[in-house]
Amino acid sequence: MHRSRPCALAVLLLAASAGASAQIVGERLDGPDSAYAESLQRILTSWPARRFQADATRGVELTCIATPDEESYIGILRRTLIHASLSAVEEVLDDLGHYKDLFPGTVDVRVVPGSRSGSRFATSWEQRVPVPFLPNVKYELSHLVDKTIPGRAVYRYKLRHGELLKASDGMVVAESVGVRTTEFTEYGFFHPRSGPLPASVVWRESVRGAYLGNMAIKLKAENPDWTYERIATEAERRLASEAAHVDRCLAARHATALRADLPYGTAVLR
């Protein structure tokens, strides 16, 4: 019996899709480069096909990544399995008008007028600071969305400008691994300018916010009929149940590093 061979047309289409994707994800976003811009680009352009093994006992797997000699440089890798289709996850991610309902401390998110150009656009953000009497933080992000590869959606984002941030860089990769299962991976790095909060407090609030935001995305995709109030309450409940996981993430942050040469940019011991 002869082995079946892939259709030549299918091979050409796949090659064309991969080439188009490489061009899109390789585009440079507006704004200052972060210390992790090159690593994130390398991870994305060599994204592996194999899947990570999610810990079923955790809603969101967290890995904290500190930057040597820059204690205030926050880095967090988040991974989770969402029991919903990729299109359902995309619907949540594409609904910018409800980001203020998903992400804790967010007052408003808007698309910057005139910034849309193909798969690129910019957003303006306003967020509360967890300190009384301090003004809200305002900044803009550049975005690039790539859905050229079937079964995968990539959302890149980067600081465009903001007085209180030196840099911010990250990406989300959502991949279909079944009819109703999506693998969700997010890398986020940001470097705030000196402020009144100790770095330890900024780290803790950032990790809590990362967990709550990713859990809110998961819950909304899995339960589209839930109100945002219910989602926020449930996300807080799950965070409380995983407080030890958050503590371990924070405690290990100085012992991990982002290795762009490993699958998924795995954080490993330094």
The stretch 144-268, Kirkwood Rh and Cα Rg, ratio Rg/Rh at 0.97
By accessible area with a 1.4 Å probe, ligands and nucleic acids excluded, highest first: order of R160, R116: R116, R160
In this structure, the FRET efficiency calculated for R120 and A199 from their beta-carbon separation, with R0 = 35 Å, to the nearest 0.05, is 0.60
Packing rank of 191-198, 231-238, where each peptide gets the mean count of other beta carbons within 10 Å, highest leading: 231-238, 191-198
Within straight cross-link reach of K158, meaning Cα distance under 16 Å, which lysines are found once same-chain residues fewer than 8 apart are removed? K138, K166
Given a 1.4 Å probe and heavy atoms of the protein chains only, how would you sort F190, F121, F184, largest accessible area at the top? F190, F121, F184
Dividing the alpha-carbon Rg of the stretch 216-258 by 2.2 N^0.38 Å yields what? 1.52
Apply the Kirkwood formula to the stretch 74-155: the hydrodynamic radius equals the inverse of the mean of 1/r over all pairs of different alpha-carbon atoms; give it in Å with one decimal. 14.8 Å
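The values are calculated or read from the model by the stated rules, or taken from the named source; none is laboratory data. This is a predicted model, so every value here is computed, not measured. In this analysis, Cβ positions are derived from the backbone assuming ideal geometry, glycine residues included, and neighbour counts consider all displayed protein chains. Areas reflect the complete protein model, heavy atoms only, side chains present, ligands, DNA and RNA absent. Shrake-Rupley method; radii C 1.70, N 1.55, O 1.52, S 1.80 Å.
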